[in-house]
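The values are calculated or read from the model by the stated rules, or taken from the named source; none is laboratory data. None of the values given here were measured: they were computed from a predicted structure. When we count neighbours, we look across all protein chains shown, and the Cβ atoms used for this are built from the backbone with ideal geometry, even at glycine.
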Amino acid sequence: MDTIFAPSTAAGQAGIAVIRLSGPAVRDVLKTVCHMDNPKPRYAAFSGIYAPDGDKIDEAVVLFFKGPNSFTGEDVAEIQCHGSRAVVKEILSVLSSLPDCRMAEPGEFTKRAVYNQKMDLTAAEGLIDLIHADTEAQRKWAVRQMDGALQRVYDGWRGELVQSLALMEAYIDFPEEEIPDSCLEDIRNRTYNVITQLEQHLDDKGRGKRLKEGFSIVLVGAPNVGKSSLMNQLAKRDVAIVSSIAGTTRDIVEVSLDVAGYPVILADTAGLRETEEEIESIGISRAIKRIREADFVIAVADAQDYPHVDETTSRALAENPAHLIVWNKCDLTDQKPDGLCLCAQTGDGLDALWDKITTVVVDTMGTGSELMLTRERYKTALRDCLAALKRSLTAPALELQAEDLRLAANALGKITGRVQVAELFDIIFSTFCIGK
Ligand code: GDP
């Protein structure tokens, strides 16, 4: 087994950089580069870092974790050196020259942690999500998942199924043992129970996907009503071109927002109108598609035309019932529209719109106590498990019922990594960054 190493901190100049090592040669490496004979586990040692010819590269704080009490389960060391490119480069170059040592691949430290059963696959994926978390809700869920929130549920169900399977196999294999027939009833009840819980869990109303990819809000309306101006106000910066020339926004412009800790993707679309112009009409058909797929649509209408909403926008809104009409350019009219009145130029009325957006997002995303299904692979495996359990209830022979229970348990095992599938591991860990 190679000893792997990599910088765990981001590339570039910084006060401190952390270089992490894991594997059987860690003690030998510390002896060579830190002149440490017997590193004390979990003790911060101040040490020089030396090239093999004795040249001093830097001074660093060195931590040693003796396996299996480490992140990967192997011997691990962390060198907290000064964060200049030259220092990091030189230390990495020295480490590469040592026997059995090589640069880690992306995610390789965590992969070893999973292989050594320091965490299951869902916890490892929680860790990936934590590293990539942009918003508070993403961080909170990632920590829960890293802490085993999903693992506990799946292991619990899997345990039930494995017990049922063992019971059924005993019933099949040892008919002379007089296992009571009621045990078959017991197995059916347990299966029903897991099916009910699985169905509830799978019906997450798309929360997990939205937590990962963002809740999508689309701004629509006729040209020149002020969509781009509103977009810039909501984004608090200039992302869309504001112009009095109709048809300026021809494609979709997106910004990421943080609404009450949830990620939101806000898209400004091409103004909706009948047009012969080819590029503009492509933009409009894209806008219609986005309206259909959006979690929420904000239609911007001109307050001067109140209560009239132009026909193209009205028709587009029929595509998605989750919508709200806001009246813009309220500064240009004395009319008091019934609904949200805005002035996208100055930001007047924006607080009320923010409140509305926040309510819609929070109502959809839940209270934060729900379990989130953030990956398609979880859903696929859960659906496989559910299908196998349902089949087991109607299978014509006990042997077939047992086989279905086994398939159901394996489907759950695939999620947590209990059934080790090498290619699955490679796919998952390749999405990590190097040094994790
Ligand atoms: P879009 O085509 O719907 O994206 O509209 P824009 O945001 O490009 O705005 C069209 C024009 O209306 C620009 O000249 C803006 O400055 C102007 N405009 C936008 N919002 C308001 C508003 O609330 N009040 C006034 N008076 N003008 C606005």
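Overview of results
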| quantity | calculated |
| --- | --- |
| Failed item in (1) farther than 26 Å from LEU219 by Cβ; (2) at pLDDT below 95; (3) surrounded by fewer than 19 Cβ atoms within 10 Å (Cβ to Cβ), with ALA387 passing the rest | (2) |
| Any chance PHE109 is farther than 30 Å from ALA411 by Cα and modelled with pLDDT of 95 or more | no |
| Odd one out for GLN117 among (1) on the phi < 0 side of the Ramachandran plot; (2) surrounded by fewer than 21 Cβ atoms within 10 Å (Cβ to Cβ); (3) touching a residue at least 24 places away in the same chain (Cβ under 8 Å) | (1) |
| First in segment 147-160 and acidic (Asp, Glu), second anywhere and surrounded by fewer than 19 Cβ atoms within 10 Å (Cβ to Cβ), Cβ under 6 Å, 6 or more apart | GLU160/ARG190 |
| Candidate set from segment 297-348 (those that are outside any strand (DSSP E or B), in contact with a strand residue (DSSP E or B) (Cβ under 7 Å, 6 or more places away or on another chain) and under 14 Å from ALA222 (Cα atoms)); member that is farthest from the ligand (Cβ to nearest atom) | LEU317 |
| The lone exception for ILE217 - which of (1) touching a Ser or Thr at 6+ places or on another chain (Cβ under 9 Å); (2) modelled with pLDDT of 90 or more; (3) closer than 21 Å to VAL326 by Cα it fails | (1) |
| Verdict on LEU230 being within 30 Å of TYR262 (Cα to Cα), surrounded by 19 or more Cβ atoms within 10 Å (Cβ to Cβ) and out of contact with any Lys or Arg (no Cβ under 7 Å at 6 or more places or on another chain) | yes |
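Each row is one residue, and each column tells you yes or no for (1) free of Cβ contacts under 8 Å to residues at least 40 places away in the same chain; (2) more than 36 Å from the chain's Cα centre (by Cα).
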| site | (1), (2) |
| --- | --- |
| LEU340 | yes, no |
| GLN345 | no, no |
| LYS356 | yes, no |
| VAL360 | no, no |
| MET365 | no, no |
| GLU370 | no, no |
| SER392 | no, no |
| GLU399 | no, yes |
